[in-house]
2 protein chains.
Amino acid sequence: MAASVARHLALAPAASMPELAAAAGISRATLFRRFPSRAALVAELCQAAAEAFVRAVQDAAPDDGSPVQALERVVEGLGRLAAVVGLLGLQPLQEHVEAALLEQTAATEESLRRLVRRGQESGDFRVEVDPEWVLTMLTWLMVGAADGVRLGRLTTAAAQTHLAATLTATLHRRP
Amino acid sequence: MAASVARHLALAPAASMPELAAAAGISRATLFRRFPSRAALVAELCQAAAEAFVRAVQDAAPDDGSPVQALERVVEGLGRLAAVVGLLGLQPLQEHVEAALLEQTAATEESLRRLVRRGQESGDFRVEVDPEWVLTMLTWLMVGAADGVRLGRLTTAAAQTHLAATLTATLHRRP
DNA sequence: TACGAGTGAGACGCTCGCGTCTCAAATCAG
DNA sequence: CTGATTTGAGACGCGAGCGTCTCACTCGTA
């Protein structure tokens with residue numbers, strides 16, 4: 001049920017509680033029993049998305065093996081995530097919620113920066129690419145992938161492939 | 001004045017009319033004299049942004065010269081635009097407004113697709129990159145660039161550079 | 001059958017932001 | 001200086017969405 005709410009909230013970021021309840025096939029009352037307030041609902045779903053993000057990166061073990069392969073694993077995992085959580089990134093958040101999410105993902109983001117720097121030092125990645133830009137790309141291309149699917153411009157699979165290809169092309173250095 | 005409203009609306013997509021008025025340094029009454037409703041305000045600013053987008057692409061003459069140089073011009077122009085209109089892309093729109101914007105930019109988007117295909121046929125661009133993905137990238141990396149600047153992760157100039165570099169790296173084919 | 005937990009339907013009050021209006025102050029043109 | 005236009009300040013009604021509450025219904029379980 002939280003899943004269907006999340007899905008509809010992603011498609012319609014400004015959806016009202018009645019709307020979300022209808023989308024989940026439950027009554028408004030039940031929705032309020034599960035989530036004490038709209039803010040709590042949004043916060044909880046975004047927390048879950050952040051956790052999924054953290055887990056996906058951890059599972060990809062960005063610190064292990066060659067930077068090239070590590071990047072591939074990371075991007076593959078996040079590509080799969082994009083379809084699920086991508087458009088939640090558009091949710092307008094209260095300041096403290098946004099801060100909490102940033103806090104929650106800080107270590108993970110740092111591990112991604114580390115991966116980029118590691119690849120740059122090993123000579124696999126272009127040195128002129130700012131790790132911050134890589135994070136920005138990852139975040140917003142996930143959103144973009146989800147949005148492309150929403151608009152019917154891309155299939156999930158195609159979006160995932162292109163996301164990975166873009167990251168690879170941007171980072172990889174070729175002599 | 002419309003400019004300061006747009007700027008603040010971009011930073012705070014859910015800003016209220018009083019908030020926007022304060023940000024523009026005018027009274028609520030005056031804001032309502034200028035924009036008959038909040039919806040009209042959002043629509044007008046997004047229209048303006050769409051026009052700027054169309055103009056930027058036209059000015060870059062995507063159909064002229066070598067695809068590589070044409071892409072460079074396009075990306076340079078849009079990179080400059082990103083700082084101004086980027087975060088407006090996050091604005092929740094009424095359906096018919098979104099449709100109108102898509103209509104308004106359809107021809108321009110088509111000219112960008114044409115550019116991509118032209119480059120692919122000439123052998124300059126990778127053939128496995130979907131033109132739709134290029135549009136998606138452009139859109140969301142512009143948003144990302146603006147957001148990176150907002151979060152203090154990137155400078156405007158750096159964002160612009162990286163945006164261009166990413167598009168180039170993704171599209172260019174190297175033997 | 002009887003009981004209890006969970007659900008749906010709907011009424012209710014409340015807050016908040018929208019949009020309108022009025023009037024006084026300020027600005028500007030002649 | 002005078003009249004006209006614009007602006008700001010604030011009151012006001014309105015509607016929408018939130019969150020609470022009650023009550024009847026429906027299950028699963030004993």
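Residues of region B:4-22 that are among the aliphatic types (A, V, I, L, M), within 14 Å of DNA strand D (Cβ to nearest atom) and within 17 Å of residue B:85 (Cβ to Cβ): B:5, B:20. On inspection, residue B:142 passes the criterion of being open to solvent by 10 Å² or more (accessible area, probe 1.4 Å), in the same structural domain as residue B:60 (by TED's automatic domain parsing) and at pLDDT 95 or above.
Do we find that residue B:52 is out of contact with any strand residue (DSSP E or B) (no Cβ under 8 Å at 6 or more places or on another chain) and within 13 Å of DNA strand C (Cβ to nearest atom) in this structure? Considered against the rule, which asks whether it is out of contact with any strand residue (DSSP E or B) (no Cβ under 8 Å at 6 or more places or on another chain) and within 13 Å of DNA strand C (Cβ to nearest atom), residue B:52 comes out as no. If you check every pair at least six apart or on different chains, which have Cβ atoms under 6 Å apart with a residue in region A:154-168 that is farther than 12 Å from residue A:81 by Cα first and a residue that is open to solvent by 30 Å² or more (accessible area, probe 1.4 Å) second? Here the result reads A:154/B:132, each pair linking region A:154-168 to a residue that is open to solvent by 30 Å² or more (accessible area, probe 1.4 Å). The residues on offer are A:104, A:47, A:120, and the sole one that is more than 16 Å from DNA strand C (Cβ to nearest atom) and closer than 30 Å to residue A:173 by Cα is A:120.
The single residue among B:33, B:38 that is free of Cβ contacts under 8 Å to residues at least 12 places away in the same chain, among the basic types (Lys, Arg), within 16 Å of DNA strand C (Cβ to nearest atom) and more than 30 Å from residue B:125 (Cβ to Cβ) turns out to be B:33. Say we look at region A:23-48 and pick out the residues that are within 14 Å of chain B (Cβ to nearest Cβ) and open to solvent by less than 50 Å² (accessible area, probe 1.4 Å); which of these is nearest to DNA strand D (Cβ to nearest atom)? Selected residue: A:39. Residue B:93 meets each of the listed conditions (1) within 14 Å of chain A (Cβ to nearest Cβ); (2) within 16 Å of DNA strand C (Cβ to nearest atom); (3) in contact (Cβ under 8 Å) with a residue 40 or more places away in the chain; (4) part of a helix (DSSP H, G or I) apart from (4). Inside region B:145-175, residues that are crowded, with 17+ Cβ neighbours inside 10 Å and not in a loop (DSSP other than H, G, I, E, B) make up a count of 17. No other residue among B:51, B:76, B:121 is in a helix (DSSP H, G or I), open to solvent by 70 Å² or more (accessible area, probe 1.4 Å) and under 30 Å from residue B:20 (Cα atoms) apart from B:51. If we scan region B:29-52, do we find a residue that is more than 30 Å from residue B:118 (Cβ to Cβ) and of a type in the set (S, T, N, Q)? Looking through region B:29-52, at least one residue is more than 30 Å from residue B:118 (Cβ to Cβ) and of a type in the set (S, T, N, Q).
The values are calculated or read from the model by the stated rules, or taken from the named source; none is laboratory data. On a predicted model such as this, the values are computed, not experimentally measured, just so you know. Using ideal geometry, Cβ is built from the backbone for each residue, glycine included, and neighbour counts are taken over all protein chains shown. Keep in mind that these areas ignore ligands, DNA and RNA; they rest on the heavy atoms of the full protein, side chains included. Shrake-Rupley method; radii C 1.70, N 1.55, O 1.52, S 1.80 Å.
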